[in-house]
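A short worksheet on the structure shown next.
The values are calculated or read from the model by the stated rules, or taken from the named source; none is laboratory data. These numbers were taken from a predicted model, which means no experiment stands behind them. Using ideal geometry, Cβ is built from the backbone for each residue, glycine included, and neighbour counts are taken over all protein chains shown. In case anyone asks, the SASA skips ligands and DNA or RNA and just uses the protein heavy atoms, side chains included. Shrake-Rupley method; radii C 1.70, N 1.55, O 1.52, S 1.80 Å.
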Amino acid sequence: MCRNIRTLFNFEPPATEEEIRASALQFVRKLSGFTHPSKAAFIQAVDEVSDAARRLLASLETAAPARDREVEAAKARERARVRFG
């Protein structure tokens, strides 16, 4: 999985349209193997993946408490520090 694609579900505040689109862009880049393919096809693919991701996020349910973005970012920094020194 592409490391730039982040979990977007169960955060407070919820994922923004910008975050959903950025993840869709990374997903399409990963699938296609291109970073600058034909604009029309690429934009259409990103739009379709964004729509699917938005529908998925809206349909998911959990009983777990919402995660805090700052706490999750701190955990990620600590994992990186341990991993890379």
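Points worth noting:
- Accessible-area order (highest first, 1.4 angstrom probe) of the listed residues Lys75, Lys30: Lys30, Lys75
- For the chain, a Kirkwood hydrodynamic radius built from all Cα pairs, placed in the Stokes-Einstein relation at 10 °C and 1.306 mPa s, yields a translational diffusion coefficient of 110 µm²/s.
- What the Cβ-Cβ distance of Thr35 and Thr62 gives, at R0 = 30 Å and to the nearest 0.05, is a FRET efficiency of 0.35.
- Using a probe of 1.4 Å, the accessible surface attributed to Ser32 totals some 50 Å² when neighbouring protein chains are kept in position.
- When the helices of the chain are scored as -39500 (n - 2.57) per DSSP H run of n ≥ 4 and the total is divided over every residue, the value at 222 nm lands at -21000 deg cm²/dmol.
- Surface accessible to a 1.4 Å probe, Leu57 within the full protein complex, Å²: 40 Å²
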